[in-house]
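These notes are about the structure you will find just below.
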Amino acid sequence: EPILEMKQISKQFGPVKALKGVNFDLYRGEVHALMGENGAGKSTLMKVLTGIYPRDGGQIIYQGQEIAFKLPKEAMDQGVVIVHQELNMINHLTVAQNIFIGRENLKFGLFTTDETINRQAQELFALLNIEINPKELVGNLTVGKQQMVEIAKAISMNAKVIVFDEPTAALTESEIKELFKIIDDLREKGIGVIYISHRMDEINQITDRVTVMRDGEYVGTLMTKASTKDDIISMMVGRVIYEDPK
Ligand code: ADP
Ligand code: MG
Ligand code: MG
């Protein structure tokens with residue numbers, strides 16, 4: 001059974017119907033792409049999932065239970081984490097401090113030293129095959145590296161579902177390769193990954209399924225490997241292509 005099922009989700013902003021009954025599901029160890037033109041409602045769907053916005057209608061089932069996270073913190077505590085296009089790092093703190101900020105007391109007792117969290121961060125990076133110095137100031141890292149710090153943070157919080165919202169927008173080619181390796185690793189660890197993108201090459205390369213949205217509507221879901229680029233494109237542009245009888 002899926003770790004996550006979103007059914008008939010609706011959400012309106014004033015007169016704008018951003019989501020008009022959208023379905024999405026996700027399995028453990030699956031990388032599931034969410035695709036659609038700008039304004040299709042992809043980010044809104046993920047913000048509804050992660051407690052940034054309340055939904056107007058529909059149902060979310062996570063680990064077999066119906067849920068409605070009221071705050072991102074609540075979603076995070078339950079293992080559902082979003083890595084935003086705009087990252088949330090604090091530049092003048094170190095990598096390790098960014099990962100463990102606000103949680104030191106819970107995890108390590110009141111008098112946590114930098115030494116402790118540096119070691120903890122180092123173990124985390126080793127687990128994920130990430131090469132970053134925990135003592136480095138986050139402000140000195142590239143966007144790609146900062147993103148990896150966010151992923152490490154999610155893993156340290158025991159994330160079971162990680163949402164990436166157009167993660168490659170600001171990355172170099174080599175950073176993209178590194179990110180894809182990490183995403184493969186997440187898959188092997190049994191984590192569910194939701195991957196928002198409109199880049200067909202990326203979707204073909206690293207995802208298992210793709211769900212297409214258009215104008216707030218759910219269009220459909222395909223297995224990525226079994227589908228041709230044309231199938232996915234025709235889903236995106238509409239059903240016209242399917243109806244052509246030749
Ligand atoms: P996508 O991520 O697919 O580009 P969004 O989810 O960002 O799409 O937006 C879907 C629709 O909802 C758009 O018409 C957008 O203008 C609108 N929208 C998104 N967030 C808000 C908001 N906070 N207030 C008002 N309208 C919003
Ligand atoms: Mg957009
Ligand atoms: Mg978006």
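What follows draws every value from the coordinates through simple rules; no lab data is involved. All of these numbers come straight from a predicted model, not from anything done at the bench. So basically every Cβ, Gly included, is an ideal-geometry build from the backbone, and we count neighbours across all protein chains shown.
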Taking only the Cα atoms of the stretch 145-185, how large is their convex hull per residue, in Å³?
66
Can you tell me the orientation of helix 114-128 relative to the chain, as the angle in degrees between its alpha-carbon axis and the longest Cα principal axis, to the nearest 10?
40
Could you run the Karplus curve 6.51 cos²θ - 1.76 cosθ + 1.60 with θ = phi - 60° over the stretch 66-81 and give me ³J(HN,Hα) per residue in whole Hz, x for Gly and Pro?
6, 9, 8, 5, 8, 9, x, 4, 5, 4, 4, 4, 8, x, 10, 10
Please identify, among PHE13, PHE164, PHE24, the residue showing maximal mean-square fluctuation in a Gaussian network model of the chain using a 10 angstrom Cα cutoff.
PHE13
For the stretch 171-185, what does the Karplus curve 6.51 cos²θ - 1.76 cosθ + 1.60, with θ = phi - 60°, yield as ³J(HN,Hα) per residue in whole Hz, taken in order and with x for Gly and Pro?
9, 7, 4, 6, 5, 4, 4, 4, 4, 5, 4, 5, 5, 4, 4
Treating the stretch 1-137 as a set of equal point scatterers at the Cα positions, no solvent, please give the Debye-formula log₁₀ I(q)/I(0) at q = 0.09, 0.16, 0.18 Å⁻¹.
-0.38, -0.96, -1.07
List, in order, the whole-Hz ³J(HN,Hα) value for each residue of the stretch 45-52 obtained from phi through the Karplus relation with A = 6.51, B = -1.76, C = 1.60 and θ = phi - 60°; use x for Gly and Pro.
4, 6, 6, 5, 4, 8, x, 7
Taking the convex hull of the alpha-carbon atoms of the chain and averaging its shadow over every direction gives an area in square nanometres of 14.6
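Fully extended, how many nm does the chain gain between GLU131 and MET200 (0.36 nm per residue separation, minus their Cα-Cα distance)?
Taking 0.36 nm per residue and subtracting the Cα distance, the gain is 22.0 nm.
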Taking only C-alpha pairs under 8 Å that are 6+ residues apart, what is the relative contact order of the chain in percent?
27
Two-site label geometry, LEU71 and ARG119: point separation in nm, points 7 Å out along Cα→Cβ:
3.2
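Find how much the distance from LYS181 to SER10 grows on full extension, using 0.36 nm per residue of separation minus their present alpha carbon separation; answer in nm with one decimal.
Value of the extension gain: 58.1 nm.
Mind giving me the FRET efficiency for THR172 and LYS225? R0 is 22 Å, r the Cβ-Cβ distance, nearest 0.05 is fine.
0.25
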Equivalent-ellipsoid semi-axes of the stretch 84-208, from the Cα gyration tensor, Å, largest first:
26, 16, 12
